[in-house]
1. Scan the stretch 367-411 residue by residue and report those that are part of a helix (DSSP H, G or I) and closer than 23 Å to Leu309 by Cα.
2. Among the numbered criteria (1) within 27 Å of Leu408 (Cβ to Cβ); (2) open to solvent by less than 60 Å² (accessible area, probe 1.4 Å); (3) assigned to a helix (DSSP H, G or I), which single criterion is violated by Arg219?
3. Restricting attention to the stretch 247-270, and to residues there that are of a type in the set (A, V, I, L, M, F, W, C) and assigned to a helix (DSSP H, G or I), which single residue is nearest to Lys323 (Cα to Cα)?
4. From the list Leu430, Leu408, Leu419, which one is open to solvent by less than 20 Å² (accessible area, probe 1.4 Å), more than 13 Å from the chain's Cα centre (by Cα) and in contact (Cβ under 8 Å) with a residue 60 or more places away in the chain?
5. Give the stretch 163-212 a look and list any residue that's surrounded by fewer than 18 Cβ atoms within 10 Å (Cβ to Cβ) and either of a type in the set (Gly, Ala, Ser) or part of a loop (DSSP other than H, G, I, E, B) (or both), or say none.
6. Would you please name the residue that is farthest from Val234 (Cα to Cα), looking only at residues in the stretch 251-288 that are among the β-branched types (Val, Ile, Thr) and in contact with a helix residue (DSSP H, G or I) (Cβ under 8 Å, 6 or more places away or on another chain)?
7. Quick one: which of Leu359, Leu347, Leu343 is modelled with pLDDT under 95, more than 18 Å from Leu444 (Cβ to Cβ) and open to solvent by less than 30 Å² (accessible area, probe 1.4 Å)?
8. Of all residues in the stretch 303-327, count the ones that are modelled with pLDDT of 95 or more and β-branched (Val, Ile, Thr).
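The values are calculated or read from the model by the stated rules, or taken from the named source; none is laboratory data. What you see is a predicted model, and the numbers here were worked out from it, not measured in a lab. Please note: Cβ atoms are built from the backbone with ideal geometry, for glycine as well, and neighbour counts cover all protein chains shown. Ligands, DNA and RNA are stripped out before the accessible areas are found, and what is left, the full protein with its side chains, is counted by its heavy atoms. Shrake-Rupley method; radii C 1.70, N 1.55, O 1.52, S 1.80 Å.
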Amino acid sequence: MDSNHESFWRHNARAVPGKTVSATVKSKTQQMGSTSFKDFQDSVRDAWELGDDEFLKFPIGDERVNKRSASTSTALAVKTHRSNLGASRASESKPAVQVVPPQTNHTQESNNVPEDLITELSLVDDSIGRERGSSEPRKRYRQFHTYPGRPQLLKLSSSCLSKDENNESKLEKFTVLLEEPLLNLIALKQLSWSGIPKKMRPVTWRLLSGYLPTSLERRNSVLERKRLDYHKLVSQYFPVDSRDEAQQDTYHQIHIDVPRMNPHVPLFQQHLVQEMFERILFIWAIRHPASGYVQGINDLVTPFFIIFLQETLDAKVELETCKLEDLSEEQRNIIEADSFWCLSKFLDCIQDNYIFAQLGIQAKVNHLKELIQRIDGNLHKHLVQHGVDYLQFSFRWMNNLLTRELPLHCTIRLWDTYLAESDGFAVFQLYVCAAFLLHWREQLLQEKDFQGLMLMLQNLPTHNWMDSHISVLVAEAFRLKFTYADAPKHFEGKS
């Protein structure tokens, strides 16, 4: 094993209390002839997750899927580490590649620019410049170990929220739209793109998910029917059929994952909460046999659950201290049913992320690599020269939609934009990940070895982020998408 790798494993084991590198993973890292994507995934699992969730497990089956690309990636990573060992490292200069919008007709897309985005974009350069210009000492990243890679349930206080939360004008616009007999869904998406006021978020998320109809008159009847339908599904699938081995295996995996999802948050350790998550995930898996349950989907239930729970709670009750047993059974059933249906609608446009071998995510990781190579050649070269494979850090970003990289209130704000994307957020999320990576470019360029880069990428210091950071992030992502999405041969640029 390379000394760089050995040092990285030892440092990782010290960095996270209770996390040790298994002998199996070490031995797989030493194997030079990995022959499947699963082998490659196993060999770098600790690089994707520093917690104890093994959400990157793939179904057992034909391991020939993507065999060539996996072997190539593994061989390239090993070769790069060896070639860089002992080599002199030149200091990185600022990127010479300039982002120049292509000379194409964007009239149609320009007409669909969400309201308030022009103002957001005008602030992007200044905000990002200040962020990048004030790079912090490297020791900060070594000292940040607040359960890395997991969402943090913070109090949604006024200090965490954007100006839109207290914007009476925007609140009034939402009220007028939502009370129209026939909702203008396009106008709602444009208004929601830059953030939804907390008071309006539950009903707006239901509408943007496609769970509620645009007709005001039909909404209550649809809600009653869909909630009853979910109750029938629970009666149909629970208790789990002991004669069906596949169902038993699926439920067993969910039953293991749910308690580990947010072990540091008392709310998610309540038995009633865990049972609700188990039912939601199991029924979704049974109704989507092409993918089934994949570890990581459990994190995607959380934002919906929190939004609908907040809608039920008294304003004086804190999420951290609330007990579900204090709610009526009817209230709990409403939270569970609405979370299930909104999750199902939300995942419809990214279901290929969770089919066998998660080929959709593999493709997105490759697209991210090619996109960064075009936008910022110096950053891409820096990562490659030090043996960092994009799969090692961005797989989790794609699989969990950044829920493990951001505080929960930031994830909720980000999902306002995702739900408001007119063509679904599957494409837009790629540009969000690109903007997220570019946000840390100065700090990443300061790291001069594989170990330092991986530790930073796994522990990005977003614990103090607010909604304003997400507004800047999505505005930058929009600009990248506007610049590159319609460019000829978008993902065929040469290094």
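1. Asn400, Leu408, His409, Cys410, Thr411, listed by residue number.
2. Every listed condition holds for Arg219 apart from (1).
3. Leu267
4. None of the other options fit; the residue is Leu419.
5. Of everything in the stretch 163-212, those that are surrounded by fewer than 18 Cβ atoms within 10 Å (Cβ to Cβ) and either of a type in the set (Gly, Ala, Ser) or part of a loop (DSSP other than H, G, I, E, B) (or both) turn out to be Asn167, Ser169, Glu179, Glu180, Pro181, Asn184, Ala187, Gly210.
6. Result: Val265.
7. One residue alone meets the criteria, Leu347.
8. Residues in the stretch 303-327 being modelled with pLDDT of 95 or more and β-branched (Val, Ile, Thr): 2 in total.
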